[in-house]
Ligand SMILES: Cc1ncc(C[n+]2csc(CCOP(=O)(O)OP(=O)(O)O)c2C)c(N)n1
Ligand SMILES: [Mg+2]
């Protein structure tokens, strides 16, 4: 199979879906510019032009409401935010309308399949308001689907699903994944929401993760294998619906659970996964659940603080060792996926 | 020769020298790990407005923050230390370039979600008005921020409550790579939208520091006399890339014509002010050169200082997220 980068996979899914369905259009600030949203909207703009790839004013609130209206009248909007932090300005149309539209008008008049892509994650000192990963916020609301693909193939398949389904979807893309490569099917094959994937098989500890943290978990697993600890990595792929079964089956086998996320622990993804396990298989655990998430403060800018703030492979290694009753040895420090970032922003 | 008009020129020279020096360090050493939005070419707006404020007045800004911070008298060393992520920074390395603050001189803060500091300034000004103090607030934002709903909401709110706030729109014709013509209807101005909300407004050449200064004085007087808010639409142009230290004309970024950039660079606010002052001060060029050298030294010292400062203590990562609770 061919290999594509994560951004190329998103671009390919977009172009293929737009070719197949004329009702799809892209709207976002700067989607037509030379950088093309980390490359992901560049080819769509080149192919379909300004009529279907629309640079909108800086009006996130209106643009999201506009998308709801367009979707209610048969179009398929794909909204793009270069930082998911800007989506807080779009929350009212997204949460109070898109998520509720189908239900609140009786359930039989159709939904509004607005698809929103939000870029998350750290760069250099992006700080408190430009590096948040608010996926749990969106996933809180019934009526929205939320996915956070980790691999290029999933980025493509989940976007295809979003652009062909009938439910509003938020797709969260960690910017550090864009350059990562992987095998991607040539066709526009959808990957259903709510189906997780075992990213790596293991027997001693389950690490449940999403997005960037799947890669951090895989790195951790390699190092832990050398220590004789076999780690199973579960990539849930979508946060809502959440594949409870794949999580519980894995934890039932390993008896130990680490949940890793790029956002805060309280009321977040790690809390949800822990709750699922506590509800369904309370007796399966042989050790307490460990959650790896952000410290309870906004993202700092200063380099050493930023390094300490973001969880990575090293933290996962430590948590797994602890759960398996091993002392945190002096293992060589693992570089985070984002460590390759060379600036300048 | 540093009173009145010459002082305005002098302040612009300082900001230009500071920012150009910082841009060089940013590019060459990559030790300032914080996205920076330089105001090079736009100094007259910050200097003209801030010079018209009193030390009691407050200023808030958006992401393009360095120039208004410095024009308002913000501590240079603390700003540079902030860019280097140091504990001595004005936000102790927590906020970076987009979150500058110096309350001691009336710089209330900068923030980078478009439009978000506009209503904050309205609230601050309202608080002043309630306490009967003759203080006013100015809030800087770009043309792009006026497309956010909160801009219209803030105009209305300030207008209805006759709040002593000056809305300062630095219209540099672009929002990152989108020209204003792609985002706002032709034939209508930002001034028009303010007036529609009942806000007194004026459009001024934002590269003419003397014109900006006089307009800001009028606006602030209007506020202080209890006549409600005022909007200044200041036409200007950024010379560098949207974010970061480089130039983008000549590079293949394609979004603004090289000739347009060069025409605006020819209307440099510093050259403009120098020319105007030359009649009265025949040796103005020598004076400007002296200032440049002086501020060149000042910024080099500030960089040395910032580099020597310690980073924040990692153990203090959580400090400041909440008001300390006694244990
Ligand atoms: C709500 C929100 N949307 C988008 C952005 C991304 N963004 C940052 S600066 C900028 C351009 C703003 O243009 P303008 O207000 O004219 O200010 P300028 O950069 O030209 O000084 C954009 C779109 C943001 N920071 N916040
Ligand atoms: Mg602008």
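The values are calculated or read from the model by the stated rules, or taken from the named source; none is laboratory data. Just so you know, these numbers come straight off a predicted model, no measurement behind them. Because the Cβ atoms are built from the backbone with ideal geometry, glycine has one as well, and the counts that use them run over all protein chains shown.
I'd like the residue in region B:22-45 that is farther than 23 Å from residue A:131 by Cα and without any contact (Cβ under 8 Å) to a residue 40 or more places away in the chain and, out of all such residues, is surrounded by the fewest Cβ atoms within 10 Å (Cβ to Cβ). Step by step, filter region B:22-45, then rank; the result is B:28.
One residue stands out in region B:158-208 among those that are under 23 Å from residue B:54 (Cα atoms) and within 16 Å of ligand 1 (Cβ to nearest atom): the one that is farthest from the chain's Cα centre (by Cα), namely B:203. Of all the residues in region B:151-207, those that are within 15 Å of ligand 2 (Cβ to nearest atom) and in a helix (DSSP H, G or I) number 5.
For a quick check of your reading: which helices (runs of 4 or more DSSP H) sit entirely within region B:43-103 and have at least 3 residues that are over 26 Å from residue B:115 (Cβ atoms)?
Numbers: elements: B:43-52, B:66-71, B:76-83.
Counting at least 3 such residues, we get B:76-83.
Listed conditions (1) away from every other protein chain (no Cβ under 14 Å); (2) touching a helix residue (DSSP H, G or I) at 6+ places or on another chain (Cβ under 7 Å); (3) free of Cβ contacts under 8 Å to residues at least 40 places away in the same chain are all met by residue A:313, apart from (3).
Yes/no matrix, rows are residues, columns are (1) modelled with pLDDT of 95 or more; (2) assigned to a loop (DSSP other than H, G, I, E, B); (3) surrounded by fewer than 22 Cβ atoms within 10 Å (Cβ to Cβ):
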| position | (1), (2), (3) |
| --- | --- |
| A:14 | yes, no, no |
| A:19 | yes, no, yes |
| A:22 | yes, yes, yes |
| A:25 | yes, no, yes |
| A:31 | yes, yes, no |
| A:34 | no, yes, yes |
| A:39 | yes, yes, yes |
| A:43 | yes, no, yes |
| A:50 | yes, yes, yes |
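State whether one or more residues within region A:195-211 are surrounded by fewer than 24 Cβ atoms within 10 Å (Cβ to Cβ) and within 13 Å of the chain's Cα centre (by Cα). So far as region A:195-211 goes, yes, one or more of its residues are surrounded by fewer than 24 Cβ atoms within 10 Å (Cβ to Cβ) and within 13 Å of the chain's Cα centre (by Cα). Scanning region B:215-238 for residues that are part of a loop (DSSP other than H, G, I, E, B) and surrounded by fewer than 18 Cβ atoms within 10 Å (Cβ to Cβ) yields B:225, B:226, B:227.
When A:79, A:89 are checked against the criterion of being under 26 Å from residue A:122 (Cβ atoms), in the same structural domain as residue A:141 (by TED's automatic domain parsing) and not in a helix (DSSP H, G or I), a single residue qualifies: A:79.
Check region B:84-96 and report whether any residue there is within 16 Å of ligand 1 (Cβ to nearest atom) and either free of Cβ contacts under 8 Å to residues at least 40 places away in the same chain or closer than 14 Å to residue B:15 by Cα (or both). Spell out how you get there, then give the answer.
Initial filter on region B:84-96 (within 16 Å of ligand 1 (Cβ to nearest atom)): B:95-96.
Imposing the further condition that a residue be either free of Cβ contacts under 8 Å to residues at least 40 places away in the same chain or closer than 14 Å to residue B:15 by Cα (or both) reduces the set to B:95.
Within region B:84-96 (the criterion being within 16 Å of ligand 1 (Cβ to nearest atom) and either free of Cβ contacts under 8 Å to residues at least 40 places away in the same chain or closer than 14 Å to residue B:15 by Cα (or both)), the answer is yes, since at least one residue qualifies.
Does residue B:19 count as more than 11 Å from chain A (Cβ to nearest Cβ), within 21 Å of residue B:137 (Cα to Cα) and buried (at least 21 other Cβ atoms within 10 Å of the Cβ)?
On the way: more than 11 Å from chain A (Cβ to nearest Cβ): yes; within 21 Å of residue B:137 (Cα to Cα): no; buried (at least 21 other Cβ atoms within 10 Å of the Cβ): yes.
Taking the combined requirement at face value, the residue does not satisfy it.
Residue count for region A:93-123 satisfying the condition of being under 14 Å from residue A:66 (Cα atoms) and without any contact (Cβ under 8 Å) to a residue 12 or more places away in the chain: 1.
Just wondering, is there one or more residues in region B:98-107 that are in contact (Cβ under 8 Å) with a residue 60 or more places away in the chain and facing chain A (nearest Cβ under 8 Å)? Yes: one or more hits.
For region B:118-150, enumerate the residues that are within 16 Å of ligand 2 (Cβ to nearest atom) and within 14 Å of chain A (Cβ to nearest Cβ). Give the derivation first.
Initially, region B:118-150 is screened for residues within 16 Å of ligand 2 (Cβ to nearest atom), giving B:118, B:139-148.
The answer is B:118, B:141, B:142, B:143, B:144, B:145, B:146, B:147, B:148.
Of all the criteria given as (1) surrounded by 14 or more Cβ atoms within 10 Å (Cβ to Cβ); (2) within 14 Å of chain B (Cβ to nearest Cβ); (3) out of contact with any strand residue (DSSP E or B) (no Cβ under 9 Å at 6 or more places or on another chain), the one not satisfied by residue A:339 is (1).
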